[in-house]
Each structure stands twice: as structure tokens, then as C-alpha cells.
Amino acid sequence: MNQDANKGARAGTGPPWLRRSIQALALFGLWVLLSGHLQPELLALGVVSAVGAVAFTAWVFHGSHEGAFSALPRTAAWRTRSLVRFAVYVPWLLWQIITSNLHVVKLVVDPRMPIEPSLVLFETSLTSEPAQVLLAQSITLTPGTVTVDAANGKLMIHCISRISREGIASGDIQRKVAAVFGEPWAAPVELMPVTTPEQAVL
């Protein structure tokens, strides 16, 4: 990616201080929600924890992903369309979670059902960071598959059975996520078995 493209990608994500402020606020809100404590000293501890977590993450990952993703449109119209498409995507994902749950239950209760755990690797055609994150999280939320690692546009997935692998290989999740963010296309998924430690390094 050339220098102009890098600038465009960084510009599309907004100022770093704004993104980190939103992240800290989100973490603090989650802290309050989970803790249920509103005493001033505990709220202050929550603020320190949230800011510290964001600062530490920014320090650890500084320079590791800048310019690695394409920029997304930031217009109100694009955001509205994406929200509508995401609202359509959620019921589809919930149905995948239900059917995958039933498959895992069959594996547990029926000894005739083969359990064939495996690690597979594939390179996603999704180019934006939010799209890749949604893809990785959607795979993890679906029982029978877990995103073990994701970096440089590659995802490593643990599958519990042949059917779970086939679900990833079908590319349905990737196509649906591409549609949510308006990405123009989604390449066919080509799974590569991970059989050596060297292959597991993304």
C-alpha cells in the first residue's frame, strides 16, 4: 500500500485521540455495568483501569496495523445502510448459532457422530478492520468453531468436526459480513490445514 493509501486508511478511522477516548468510555461503561458499584472511589478506579487498558493496548500494538486495512466511508448514509444490513445479519447469525449448537449436541450425545478436531487457516478477502473483526467474532460465536488467531488478513480456526470445517469453507459468513460493510466482493474460502508449528505463526 502506497503512502497516499496509508494516509487515506488512517484518515478514515478518525483521530487517534477520539478513537481511544471512545474505547476508554466503552470500557468504563462496561466496568460500571458489570461491577454495579457507584461509589466515587470505585468509579475512579474504573476510570483509571479503562484509561490504563487503552493506553497499554495502544503502546503494545503501536505500528503493527497502521495502513494495513482499507478505509470505510464515514458518511451518514453509509452508516445508516450498514446498520440496516447489520440488523438483517444478526438474525441470520443467530440461526447459524442455533443450528451449530444442535450439531455440537449431536456430537456429544451420539457416539456414532465423528469428532474430527482440526486447525485450518484461510486468507480473508475482507479488507477493512471492522469487517475482519466481525468475521472472526462471528466464527467464534458459532459453536464448533473458534477463531484462534487473526493477523495480516489471515484467520486460524479450530473446527470440531468435518461439518464445522465445511461451514467455514462454504464462505457464507464471509459473504454476509462483506454485505454488512458494503465490500464489493468476497473471494471463495480456501482452507489450508495447519499441521506444523511453523504454519501456526501468522
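By the gyration tensor of its Cα atoms, with a ≥ b ≥ c the square roots of the eigenvalues, what is the shape of segment 150-202: rounded for a/c under 1.5, prolate for a/b over b/c, or oblate?
Numbers: a/c = 2.73, a/b = 1.49, b/c = 1.84.
Cα axes put segment 150-202 in the oblate bin.
Could you report the chain's accessible area per residue, 1.4 Å probe, as an integer in Å²?
Values: 12650 Å² over 202 residues.
That works out to 63 Å² per residue.
Pop out the carbon and sulfur fraction of the accessible area of the chain as a percent, whole number, probe 1.4 Å. Intermediate results must be reported in sequence, preceding the final value.
On the way: 8510 of 12650 Å².
Using a 1.4 Å probe with all protein chains present, the chain comes out at 67 percent carbon and sulfur.
In the Gaussian network model of the chain, springs joining C-alpha atoms below 10 Å, which of Ile22, Ile157, Ile168 carries the largest mean-square fluctuation?
Ile22
Highest GNM mean-square fluctuation, the chain, Cα pairs closer than 10 Å: which of Gly144, Gly171, Gly46?
Gly46
List the pair-distance distribution P(r) of the chain, using every Cα-Cα distance, as the percent of pairs falling in each 10 Å bin from 0 up to the bin containing the longest distance, rounded to whole percents.
8, 26, 31, 25, 9, 1
On the principal axes of its Cα set, how long, how wide and how thick is segment 39-131? Give whole Å, largest value first.
Here the Cα extents, ordered largest to smallest, are 54, 40, 30 Å.
Could you derive backbone 3J(HN,Hα) for segment 161-170 from the dihedral phi with the Karplus parameters 6.51, -1.76 and 1.60 (θ = phi - 60°), listing whole Hz in sequence and x where the residue is Gly or Pro?
Listing the rounded values in order: 7, 5, 5, 5, 5, 5, x, 5, 5, 5 Hz.
Could you grab the relative contact order for the chain? Cα pairs under 8 Å, six or more apart, rounded to a whole percent.
20 percent.
Say a site is exposed when it is one of the chymotrypsin sites (Phe, Trp or Tyr not before Pro), sits in a DSSP loop, and has at most 10 other Cβ atoms within 10 Å; what is then the longest site-free stretch of the chain? Mind dumping the intermediate values first?
Details: sites that count: Phe61, Trp185.
Of all site-free stretches, the longest is 62-184.
Over all directions, how big on average is the projection of the convex hull of the alpha-carbon atoms in segment 116-162, in square nanometres?
Working: hull surface 11.9 nm².
The Cα convex hull of segment 116-162, projected and averaged over all directions, gives 3.0 nm².
Work out, step by step, the length gained on full extension between Val32 and Val105: first 0.36 nm times the residue separation, then minus their alpha carbon distance; give nm to one decimal.
Numbers: separation 73, 0.36 × 73 = 26.28 nm, distance 3.53 nm.
Contour length minus Cα-Cα distance gives 22.8 nm.
Scanning the chain for GluC sites (Glu not before Pro) in DSSP loops with at most 13 other Cβ atoms within 10 Å, what's the longest stretch left with none?
Answer - 67-189.
Can you tell me which of Gln174, Gln39, Gln23 moves the most in a GNM of the chain? Springs connect C-alpha atoms under 10 Å apart.
Of Gln174, Gln39, Gln23, the Gaussian network model singles out Gln39 as fluctuating most.
The values are calculated or read from the model by the stated rules, or taken from the named source; none is laboratory data. Source: prediction; values computed, not measured. Cβ coordinates were reconstructed from backbone atoms using ideal geometry, including for glycine residues, and neighbour counts include every protein chain displayed. Protein only, heavy atoms only, side chains kept; ligands, DNA and RNA dropped before computing areas. Shrake-Rupley method; radii C 1.70, N 1.55, O 1.52, S 1.80 Å.
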